[in-house]
Amino acid sequence: MRPLSLLTALICFTSTALFAAKDSANTAINAIRQLPRGEYKHIVRIEARDGMPEPERWHIIVHDPKDENGVHEYVIAGGEIVASRAISQFVESVKADDIVKESLIKIDSDKVGALAREYALANNVAISSLNYSLKKEGADAAPLWNVTCLDEAGKQVGTIVVSAGKGNVISHEGFTAEPGAEALARAETQGDTDAEREEHKRYPKRIFVRTAPAAPAPNKEPDIISRVGSSLNRFFTGGRGR
């Protein structure tokens, strides 16, 4: 086998380093990867506090059918499990219907965190930390990211709700202005490697999609044929209904 050239070896090392750096980021999806085998299939809720923008700890609550309340919580910090317990400060009980399919979590926490910061910037609001929450409401509901923005005093200044699967911006309470296209693009590429950002430039893939409010149903006036038909019906029936 021919030895690798210095240039080839350098390219391989750089690529490995880039992906290793990305995998070591303290995001929710990387925290899920630290769970014991098979536990990712039982996730019901993901919580984190005081993200700046990434939190130090992720609390992942899973459904445990052997527990009376169905609760088991794993705390992930520094890329490893630092606590495993049958109690959680975020929920008292869970059931099988609360389970979120891991495959439906396509939007990672670094991207929704970046999106929250872009909303704050668009509204000239200074934020100091972020609280993250992911769960679903109802057995067949889609999982949602809820990111709460806090100022230096710990006061809530705004909240965004984003679909964890499709990236739809469901709501942005406290933020009246929306980020522009350039700001959304920054949030969409948050956490990506340089190669992925270049690919995004060449083949733009929209992640965050604003959910437009439903348009009111038009108030249609009866057309001329309908009005004539109604008049003829009243004439021949003497105004009596059928």
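Tabulated data
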read-out	value
By average C-beta atoms within 10 angstrom, highest first, the peptides 112-120, 67-75, 160-168	112-120, 160-168, 67-75
Filter on 41/155; 66/101; 106/136 - keep pairs with C-alpha separation over 24 Å	41/155
Net charge of Cβ neighbours under 12 Å - reference residue 78; Lys, Arg +1; Asp, Glu -1	-2
Three-way shape call for region 86-131 based on the alpha-carbon gyration tensor, with the a/c threshold at 1.5	oblate
Apportionment of accessible area to carbon and sulfur, region 118-189, percent (1.4 Å)	48 percent
Proximal charge balance of residue 139 [Cβ under 13 Å; K/R count +1, D/E count -1]	0
Estimated vicinal HN-Hα couplings, Hz - region 69-85 in sequence order (Karplus 6.51, -1.76, 1.60; Gly, Pro = x)	9, x, 9, 9, 10, 10, 10, 10, 8, x, x, 8, 6, 10, 7, 9, 8
Extended-chain gain in nm, criterion 0.36 nm per residue less alpha-carbon gap, residue 33 and residue 67	9.9 nm
Residue-count net charge about residue 93 - beta-carbon cut-off 10 Å; Lys, Arg +1, Asp, Glu -1	-3
Gyration tensor verdict on region 83-205 (Cα atoms; rounded if a/c is under 1.5, prolate if a/b is larger than b/c, oblate otherwise)	oblate
Amide H within-cut-off set for residue 168, under 5 Å, with H built and near neighbours excluded	163, 209
Shape category assigned to region 140-181 from the gyration tensor of Cα positions, a/c cut at 1.5	oblate
Per residue, in Å², the accessible surface of region 36-146 once ligands and nucleic acids are set aside, probe 1.4 Å	52 Å²
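The values are calculated or read from the model by the stated rules, or taken from the named source; none is laboratory data. As the structure is a computational prediction, the values presented were derived from the model and not from experiment. Because the Cβ atoms are built from the backbone with ideal geometry, glycine has one as well, and the counts that use them run over all protein chains shown. For the accessible areas, the whole protein counts, side chains as well, though only heavy atoms, and no ligand, DNA or RNA atoms are used. Shrake-Rupley method; radii C 1.70, N 1.55, O 1.52, S 1.80 Å.
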